[in-house]
């Protein structure tokens, strides 16, 4: 019996005009936008490759250890085509130095051709699904029950010995299989376009991630179908059902995600917390500075000039002498000390000073590393409380709408969510440890090459290269799971409610 | 006709959609007003603080060389008091132009100031999800158009389905009267909650003492209201057109909604992305490379030729010439870079005009004094001021007979003290006249869209079989 019902419903849905239009629009939007997005990705990838090249070049130009700070670039995520998330927004180049613990707040943006292009919002495939799929699901569902009741066919069907639950199930299965057609075809086309691009090579993991997106999309679609069905079950007339469905759609897809943060936004970066953390960090560095000055005072060499009067042979060499400075930025709680010395060729007169300088830097290097680590502990907690917590609360608020859950789930699948992006900065911090280990390995802090290239430039080739691997699919799945689960639960709850209402309703 | 309109209005007033519309519009406008009240005083305060600081620094200079070399410093864009009407993506546009120096310095020479258009410091600290701002542009562009569709999709096809259309036409009413009546009915029944919500919004905003709206602002608001109603009419006409062409009201809604989604939600960004690919602007790396090349070339030339010169005055003249050449060269390059970026945006903006929501967005931005047009106006103001400032330096130098009139070097310029009052000060301004020019094309296109849709609806309805 149920197969007959499904067949009837399927034919009813497939042959309709709305189905044809839905498929057409979906395909048009997805194909046009995928093409644009792939081009954009290729541009970003090219920028990333140039960045890699210049970074390596810049490092080779550094002749002394103390100037050995390097930039590392974040590769663009090929799956950002599906859901761009924070991939394009957060900085994609970060500076690695032994004296400074990098965070996402210190990253720079590199390779954006025209910053004004941000004026135009960018669309990804998931956004198209968010808007169009939910709309189509509601259009399919609004008259599922109310329409049959109005036309009287419902009564006709119920005169047969069919269970009411079966009718609901048949409607759901047939409508969903219809709705899956535009979804799957458009995703297929998108994947085909992706594979034709030479810049993008998808791994097995990426295909699994795309599978995750499909799964989330189906669950999302089904939530909206159930919402439509619920409306259809509670209203007597299709006109009312349609109106209600459209307003629910407008509210949840259009209004809620944009209005909720404006209406109940969590408080901005709390100023007192910021100030106190900054004070604390400042104290760490001031203590460091006192020790530094004390060392210089006790040193055999008189005076405070940490350069010990060393000069370059070539007086025009601007960066020849060292410069020591504090980098301070209270808005991101940044406070760090840099001692860079880049003497190309020592003058004869400076040679006797070399052992003093070596002593000083042997003392200073580990001190800086130490202070930076201690400051980082404070900074980490403060940044977490001031910037990350409100962002997390925001995302929880956004989950008040199925759109928010779907968005969060797909972002987690492709790895463009906050956690995915923070993985990169975590890797950058690990790389900083590698750099420091390398320094210790080479005994760099006390070496002459720390401040002068008199005995030859530093050979950076033995420093391991930075590489960033995105987390594996299992982790992505773990991150996406909560949202997918909530969506699934929402499905079940809605179905139970519809079932209860439908059972009790008069035909 | 009034009879039909009245019937429509009564029908609508009692309907579910009218109630939902009212609630939705009132809620959105209330959020808009509250957010504006929270944010605007801070924004104004920030501008005033920054602008005063910059002015004070300028006034503290008394030496002509210092004025000529260091430049006016940061020049700030004045925030609009109508920011709540259109956000205009102000976060992505720089709020200042830096007229300062930091290029290079030798023992006796220093690079002169130049206008430096830094991109907006994109809030990379901001890891909060980005959303569309709830401004009037959103309420009008997205919500109002959707509501217009929901009010008209069944106005003809629905009546035809019910058979009431035949009944109406059985009376001796001309068809166009029926159409106009329906149009007016829908217009009035949407305008009522819309205007109400706008009044409430303005009431909330104007009660706060921190936010003051002048007569100029009120006239701008009037124009914005007119544009909003025109845009509403456009979508009503579209709704009537589709409704009279399509037999079933459900099909009519599907078509309208998908059209709406395509035109309003997707078209603006998709077309902008495609169009911005047509005229790529100079990349930052390329710009940087050219800038370094330019500076090095001039420097090399200067140093090479300076060796042969003996006469101190000749040397000084040559140095002054070098400084001026350096600053004009750099400024020309920066200007080229900026012009290319603006041209790219301009092209993308023109192409996206196919979508009515973009038209209304442009218009609202222009009249609210935010967004890209306004940014360009600000940049022009800055450039005009920069010319004034440079002329001032030349004039002051020329007025001093003791000066050697070699601009670019300390020794060659007037040493007379300058009174701080005489230095030209920058103040950013908005002018309504210019705005009308910027808006004319968009306004015409909007009217054209409306005319096309309305006459389309008319033709479709006249030929329709009942």
*Take the range A:13-26 and flag every residue that is exposed (fewer than 15 other Cβ atoms within 10 Å of the Cβ) and either at pLDDT below 80 or touching a helix residue (DSSP H, G or I) at 6+ places or on another chain (Cβ under 7 Å) (or both).*
A:14, A:15, A:17
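In the set A:377, A:364, A:418, A:397, which member is modelled with pLDDT of 85 or more and surrounded by 23 or more Cβ atoms within 10 Å (Cβ to Cβ)?
Working: A:377 fails: surrounded by 23 or more Cβ atoms within 10 Å (Cβ to Cβ); A:418 fails: surrounded by 23 or more Cβ atoms within 10 Å (Cβ to Cβ); A:397 fails: surrounded by 23 or more Cβ atoms within 10 Å (Cβ to Cβ).
From the options A:377, A:364, A:418, A:397, the qualifying one is A:364.
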*more than 30 Å from residue A:362 (Cβ to Cβ), away from every other protein chain (no Cβ under 12 Å), free of Cβ contacts under 8 Å to residues at least 24 places away in the same chain and in a loop (DSSP other than H, G, I, E, B) - does that describe any residue in the range A:15-25?*
yes
_Which numbered condition residue A:388 fails, given (1) surrounded by fewer than 23 Cβ atoms within 10 Å (Cβ to Cβ); (2) farther than 28 Å from residue A:75 by Cα_ = (2)
*Can you tell me which residues in the range B:205-231 are over 27 Å from residue B:434 (Cβ atoms) and assigned to a helix (DSSP H, G or I)?*
B:207
*Answer yes or no: is there a residue in the range B:392-403 that is closer than 18 Å to residue B:99 by Cβ, surrounded by 14 or more Cβ atoms within 10 Å (Cβ to Cβ) and within 29 Å of the chain's Cα centre (by Cα).*
no
*So which of A:499, A:425, A:466 ends up being surrounded by fewer than 22 Cβ atoms within 10 Å (Cβ to Cβ), touching a strand residue (DSSP E or B) at 6+ places or on another chain (Cβ under 6 Å) and on the phi < 0 side of the Ramachandran plot?*
A:466
*Inside the range B:334-354, can you point out the residues that are more than 12 Å from chain A (Cβ to nearest Cβ) and under 25 Å from residue B:448 (Cβ atoms)?*
B:350, B:353, B:354
*Please find, within the range A:412-433, the residue that is nearest to the chain's Cα centre (by Cα) out of those that are within 14 Å of residue A:481 (Cα to Cα) and not in a helix (DSSP H, G or I).*
A:417
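Residue-by-condition table, conditions (1) within 22 Å of residue A:90 (Cα to Cα); (2) under 22 Å from the mean Cα position of the chain (by Cα); (3) in a strand (DSSP E or B):
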residue	(1), (2), (3)
A:324	no, no, yes
A:327	yes, no, yes
A:337	no, no, yes
A:350	no, no, no
A:370	no, no, no
A:396	yes, yes, no
A:406	yes, yes, no
A:410	yes, yes, no
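What number of residues within the range A:388-423 are out of contact with any helix residue (DSSP H, G or I) (no Cβ under 7 Å at 6 or more places or on another chain) and within 13 Å of another protein chain (Cβ to nearest Cβ)?
Let us first name the residues in the range A:388-423 that are out of contact with any helix residue (DSSP H, G or I) (no Cβ under 7 Å at 6 or more places or on another chain), namely A:388-390, A:392-393, A:396, A:411, A:420, A:423.
In the following step, the residues that additionally are within 13 Å of another protein chain (Cβ to nearest Cβ) were identified as A:388-390, A:392-393, A:396, A:411, A:420.
Adding up the residues that qualify gives 8.
Here is a list: B:433, B:371. Which entry is at positive phi and either without any contact (Cβ under 8 Å) to a residue 60 or more places away in the chain or under 23 Å from the mean Cα position of the chain (by Cα) (or both)?
Details: B:433 fails: at positive phi.
Of B:433, B:371, the one residue that is at positive phi and either without any contact (Cβ under 8 Å) to a residue 60 or more places away in the chain or under 23 Å from the mean Cα position of the chain (by Cα) (or both) is B:371.
So for the range B:7-19 (the condition being over 30 Å from the mean Cα position of the chain (by Cα), assigned to a loop (DSSP other than H, G, I, E, B) and either over 30 Å from residue B:406 (Cα atoms) or at pLDDT 90 or above (or both)), does at least one residue qualify? Before you say what the answer is, go through the steps one by one.
Applying the first criterion (over 30 Å from the mean Cα position of the chain (by Cα)) to the range B:7-19 yields B:7-19.
Keeping just the survivors that are assigned to a loop (DSSP other than H, G, I, E, B) gives B:14-15.
Subsequent filtering for residues that are either over 30 Å from residue B:406 (Cα atoms) or at pLDDT 90 or above (or both) retains B:14-15.
Checking the range B:7-19: at least one residue is over 30 Å from the mean Cα position of the chain (by Cα), assigned to a loop (DSSP other than H, G, I, E, B) and either over 30 Å from residue B:406 (Cα atoms) or at pLDDT 90 or above (or both).
Taking the residues in the range A:132-153 that are in contact (Cβ under 8 Å) with a residue 12 or more places away in the chain and surrounded by fewer than 20 Cβ atoms within 10 Å (Cβ to Cβ) as candidates, determine which candidate is nearest to the other protein chains (Cβ to nearest Cβ). Can you show your working first?
Residues of the range A:132-153 that are in contact (Cβ under 8 Å) with a residue 12 or more places away in the chain, as a first pass: A:132-147, A:149-150.
Then keep just the ones that are surrounded by fewer than 20 Cβ atoms within 10 Å (Cβ to Cβ); that gives A:147, A:150.
Values: A:147: 9, A:150: 12 Å.
Going through the qualifying residues, I end up with A:147.
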*Report yes if residue B:49 is more than 30 Å from residue B:316 (Cα to Cα), surrounded by fewer than 20 Cβ atoms within 10 Å (Cβ to Cβ) and at pLDDT 90 or above, otherwise no.*
yes
*Among what's in the range A:93-121 and is closer than 23 Å to residue A:381 by Cα, within 12 Å of chain B (Cβ to nearest Cβ) and out of contact with any helix residue (DSSP H, G or I) (no Cβ under 7 Å at 6 or more places or on another chain), pick the residue that is surrounded by the most Cβ atoms within 10 Å (Cβ to Cβ).*
A:107
*Among the listed residues B:232, B:294, which satisfies the condition of being in contact with a helix residue (DSSP H, G or I) (Cβ under 7 Å, 6 or more places away or on another chain), away from every other protein chain (no Cβ under 14 Å) and within 27 Å of residue B:333 (Cβ to Cβ)?*
B:294
*For the range A:212-239, enumerate the residues that are within 14 Å of chain B (Cβ to nearest Cβ), over 15 Å from residue A:492 (Cα atoms) and in contact (Cβ under 8 Å) with a residue 24 or more places away in the chain.*
A:231, A:232, A:234, A:235, A:236, A:237, A:238
*Just wondering, is there one or more residues in the range B:30-47 that are without any contact (Cβ under 8 Å) to a residue 60 or more places away in the chain, in contact with a helix residue (DSSP H, G or I) (Cβ under 9 Å, 6 or more places away or on another chain), under 30 Å from residue B:185 (Cα atoms) and within 14 Å of chain A (Cβ to nearest Cβ)?*
no
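Look at residue B:309 and say whether it is on the phi < 0 side of the Ramachandran plot, more than 11 Å from every other protein chain (Cβ to nearest Cβ) and outside any helix (DSSP H, G or I). Give the steps one after another, and end with the answer.
Details: on the phi < 0 side of the Ramachandran plot: yes; more than 11 Å from every other protein chain (Cβ to nearest Cβ): yes; outside any helix (DSSP H, G or I): yes.
Criteria met by residue B:309.
The values are calculated or read from the model by the stated rules, or taken from the named source; none is laboratory data. Quick caveat, the model's predicted, so the values are computed rather than measured. Note: ideal-geometry Cβ built from the backbone for every residue, glycine included; neighbour counts use all protein chains shown.
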